[in-house]
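Enquirer: My structure is below; once you've seen it, I'll send some questions.
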Amino acid sequence: QVQLVESGGDLVQPGGSLRLSCAASGSISSVNAMAWHRQAPGKERELVATITRRGSTNYADSVKGRFTISRDNAKNTVYLQMNSLKPEDTAIYYCDFRTSVSAYWGQGTQVTVSS
């Protein structure tokens, strides 16, 4: 069974930085894209950033210029570098790996931005 394990979530002050990591513990035959979503209490889950196997990226408008998604295909690992964090970024962050037929999700890691 494939499991995605996220790490890096923490409590940080506004303006601080965090780096999230997500690695697949099992074997995935072909990953077409990796992504990060987040969900705050009372809100729907939203797409934060995506990256394809070839490296093309997309970002939500709310995080452009502050967040950077990257990946290591050989390690089946995706990262999210978060800079200039704002209280509005507080949420549970989930990674997902996408194939042509399925998507695999992590358990989530809590990011809290507060003074």
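The values are calculated or read from the model by the stated rules, or taken from the named source; none is laboratory data. Quick caveat: nothing in here was measured; it's all calculated off a predicted structure. We place every Cβ from the backbone using ideal geometry, glycine too, and count neighbours over all the protein chains shown. Ligands, DNA and RNA are stripped out before the accessible areas are found, and what is left, the full protein with its side chains, is counted by its heavy atoms. Shrake-Rupley method; radii C 1.70, N 1.55, O 1.52, S 1.80 Å.
Enquirer: Can you tell me which of 18-31, 55-68 comes out highest on packing, and rank the rest after it, using the mean Cβ neighbours within 10 Å?
Expert: 18-31, 55-68
Enquirer: With θ taken as phi - 60° and the coefficients 6.51, -1.76 and 1.60, list the Karplus ³J(HN,Hα) couplings across region 64-72 in order, rounded to whole Hz; mark glycine and proline as x.
Expert: Result, ordered by residue: 4, x, 10, 10, 9, 9, 8, 8, 10 Hz.
Enquirer: Per residue, how much accessible area does the chain have with a 1.4 Å probe, in Å²?
Expert: 54 Å²
Enquirer: Now a separate question. Given a 1.4 Å probe and every protein chain left where it sits, what share in percent of the accessible area of the chain is carbon and sulfur?
Expert: 44 percent
Enquirer: Report ³J(HN,Hα) in whole Hz for each residue of region 37-45, in order, from the Karplus equation J = 6.51 cos²θ - 1.76 cosθ + 1.60 where θ = phi - 60°; Gly and Pro get x.
Expert: For region 37-45, the Karplus curve yields 10, 9, 9, 9, x, x, 10, 6, 5 Hz.
Enquirer: Obtain the nm distance between the two label points defined at Ser70 and Gln39 by a simple spin-label model: each point lies 7 Å from its Cα along the Cα-to-C-beta direction.
Expert: The modelled label-to-label distance comes out at 2.9 nm.
Enquirer: Run the simple label-point estimate for Gln81 and Val101 please: 7 Å along Cα→C-beta, distance reported in nm.
Expert: 3.7 nm
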